[in-house]
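Peer 1: The structure that follows is given in the form of structure tokens.
Taken together, the values in this text are just the output of simple stated rules run on the coordinates, not laboratory data. Since the model is a prediction, treat every value here as computed from it, not as a measurement. Here the Cβ positions follow ideal geometry from the backbone for every residue, glycine too, while neighbour counts run over all protein chains shown.
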Amino acid sequence: MMDVKNMHPEKFRKAVGKGSWTKPTAGVAPGYAQANLVILPKSAALDFMIFAQRNPKACPVIDVLEAGVTQAPSAKGSDIRRDIPRYRIYEKGKGHREVSSIEELWREDFVSFLLGCSFTFESELIKQGIPMKHIDLGKNVSMYQTNIPCKPAGRLSGDMVVSMRPIKSHQIAKAVEISARYPEVHGSPIHIGNPEAIGIKSLNHPDYGEAVPMEEDEIPVFWPCGVTPQSVLMNSGVDFFITHAPGHMFVTDIKNEELGR
């Protein structure tokens, strides 16, 4: 049986394009950076670029494709229209729908942003003996809407989304130290401990992804999340935009160590 999960990124992207992988991408293509995707009409792209610049922990830009371009400089032979397992299409007043390809929707005025993803530092955490429970359980990471405000830009404003990982109490300092070495993929945690302090009512009911059980010796650790743009763009009433479905990332050719410090 073909081991899609451990393929080189270029081969993995081709497998995704053929429909051989439709699940979340946590743990795939070990050693290579994954990215969040935001696609906007050119008319809204400048506001988003400024927003990302003002909110680098939630929206760390690692690549920008010019209007109409479909191949990412960070991914040889890629096609941004079909190399992600699931996309979300947002239309004002209609909510969102999910598709496996956006080729039929593509327009020459679309500008694509690739944002750093915490799956990158997860690989280093695992190497250093800090387990990622959602990967072990075959689940998507838990993500939550918070009350932490982002800095506004133009018409864009809203609160941060975070991802949560249960960490053993004696490993938290190590997890903070390791993730802090990767500022281009969200960096260090934004909050540790009490979820209610950042507006999360229940860890058992994530806004995105799947719930991950907590053990008595574990503490919830929260990192800024690349789903933040989806929440902000919806909150700001942007008429039309496209993103990855939460947890279904774009796998680049960038090695994780290239993003570390």
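Peer 1: When the helix-only estimate is applied to the chain (DSSP H runs of n ≥ 4, each -39,500 (n - 2.57), divided by the residue count), what is the mean residue ellipticity at 222 nm, nearest 500 deg cm²/dmol?
Peer 2: Per the formula, -5500 deg cm²/dmol.
Peer 1: Rounded, prolate or oblate: pick one for segment 192-261, where a ≥ b ≥ c are the square roots of the eigenvalues of its C-alpha gyration tensor, a/c under 1.5 means rounded, and failing that, prolate if a/b is larger than b/c, else oblate.
Peer 2: Taking the square roots of the gyration eigenvalues as a ≥ b ≥ c, segment 192-261 is oblate.
Peer 1: While we're on this one: Using θ = phi - 60° and the Karplus curve 6.51 cos²θ - 1.76 cosθ + 1.60, what whole-Hz ³J(HN,Hα) does each residue of segment 45-54 get, with Gly and Pro shown as x?
Peer 2: Values, residue by residue: 5, 5, 4, 5, 4, 5, 4, 5, 5, 7 Hz.
Peer 1: Right, another one. Rounded, prolate or oblate: which fits segment 33-170, taking a ≥ b ≥ c as square roots of the Cα gyration tensor eigenvalues, rounded meaning a/c under 1.5, else prolate when a/b beats b/c?
Peer 2: Verdict is prolate for segment 33-170.
Peer 1: For segment 244-255, take each phi angle, set θ = phi - 60°, evaluate the Karplus expression 6.51 cos²θ - 1.76 cosθ + 1.60, and give the result in whole Hz per residue in order, putting x for glycine and proline.
Peer 2: In residue order, the calculated couplings are 6, 6, x, x, 9, 9, 8, 8, 9, 8, 6, 6 Hz.
Peer 1: Students often forget the sequence filter, so: which lysines lie under 22 Å Cα-Cα from K11 once same-chain residues fewer than 8 apart are removed?
Peer 2: K23, K76, K255
Peer 1: Could you order the peptides 221-233, 33-45, 198-210 from most to least packed, using the average number of other C-beta atoms within 10 Å per residue?
Peer 2: Those peptides, ordered most packed to least, come out 221-233, 33-45, 198-210.
Peer 1: Using alpha carbons only, how many angstrom separate the centre of segment 8-77 from the centre of segment 183-200?
Peer 2: 23
Peer 1: Can you give me the long-range amide H partners of I167? Hydrogens built in the peptide plane at 1.01 Å from N, cutoff under 5 Å, separation of 5 or more residues or another chain.
Peer 2: Amide H to amide H, under 5 Å and 5 or more residues apart or across chains, I167 pairs with I219, V221.
Peer 1: Amide H of I190: which non-local residues (sequence gap of 5 or more, or other chain) have their own amide H closer than 5 Å, using H built in the peptide plane?
Peer 2: So I190 has HN proximity to F222, W223.
Peer 1: Whole-Hz Karplus ³J(HN,Hα) for segment 67-78, in order, using 6.51 cos²θ - 1.76 cosθ + 1.60 and θ = phi - 60°, x for Gly and Pro?
Peer 2: 3, x, 7, 10, 9, 6, x, 8, 8, 4, x, 7
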